[in-house]
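Please read the structure below before turning to the comments.
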């Protein structure tokens, strides 16, 4: 009669190589990913003797509220704001004053600023 060898006890697999691979993947994805995009907001600086940025002409005060945009105190849709400002300026280099109201978020102010800069206004001045 032939007896089979007794089955050897199973070895438990080592988890060390798997943990090393997971750690290396974690480090790789942390180094390869971008957590946020940096964006530069260009604002002109007003100098005391700068005559190129001297304010002249009718008032151009854009007030930003959470609900909308006010041009010189009159509610103006954001899409119509550049056209309304062009009627108040001689060139696109004329200064436009941008002011955020108390409840307006910084993102809302940046959205309006970006919209004005995208339509060609280069001298947007942000005031508190």
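Looking at segment 78-96, which of its residues are loosely packed, with under 12 Cβ neighbours inside 10 Å and in contact with a helix residue (DSSP H, G or I) (Cβ under 9 Å, 6 or more places away or on another chain)? Explain how you work it out, then say what you get.
First, pick out the residues of segment 78-96 that are loosely packed, with under 12 Cβ neighbours inside 10 Å: 79-80, 83, 87, 90-91.
Of everything in segment 78-96, just one residue is loosely packed, with under 12 Cβ neighbours inside 10 Å and in contact with a helix residue (DSSP H, G or I) (Cβ under 9 Å, 6 or more places away or on another chain), namely 79.
Here's the yes/no breakdown for (1) over 13 Å from residue 41 (Cβ atoms); (2) in contact (Cβ under 8 Å) with a residue 12 or more places away in the chain; (3) surrounded by fewer than 13 Cβ atoms within 10 Å (Cβ to Cβ); (4) in contact with a strand residue (DSSP E or B) (Cβ under 9 Å, 6 or more places away or on another chain):
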site: 98; (1), (2), (3), (4): no, yes, no, yes
site: 107; (1), (2), (3), (4): no, no, yes, no
site: 116; (1), (2), (3), (4): no, yes, no, yes
site: 127; (1), (2), (3), (4): yes, yes, yes, yes
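How many residues, within segment 73-94, are within 20 Å of residue 111 (Cβ to Cβ) and assigned to a loop (DSSP other than H, G, I, E, B)? Before the answer, list the steps.
Of all residues in segment 73-94, those within 20 Å of residue 111 (Cβ to Cβ) come to 74-86, 92.
In the following step, the residues that additionally are assigned to a loop (DSSP other than H, G, I, E, B) were identified as 77, 92.
Residues flagged as within 20 Å of residue 111 (Cβ to Cβ) and assigned to a loop (DSSP other than H, G, I, E, B) within segment 73-94 amount to 2.
On the given criteria, is residue 34 modelled with pLDDT under 80 and out of contact with any helix residue (DSSP H, G or I) (no Cβ under 7 Å at 6 or more places or on another chain)? Outline the logic, then answer.
Numbers: modelled with pLDDT under 80: yes; out of contact with any helix residue (DSSP H, G or I) (no Cβ under 7 Å at 6 or more places or on another chain): yes.
The answer is yes for residue 34.
The values are calculated or read from the model by the stated rules, or taken from the named source; none is laboratory data. As the structure is a prediction and not an experimental result, all values here were calculated from the model. With ideal geometry, Cβ positions are generated from the backbone for all residues, glycine too; neighbour counts draw on all protein chains shown.
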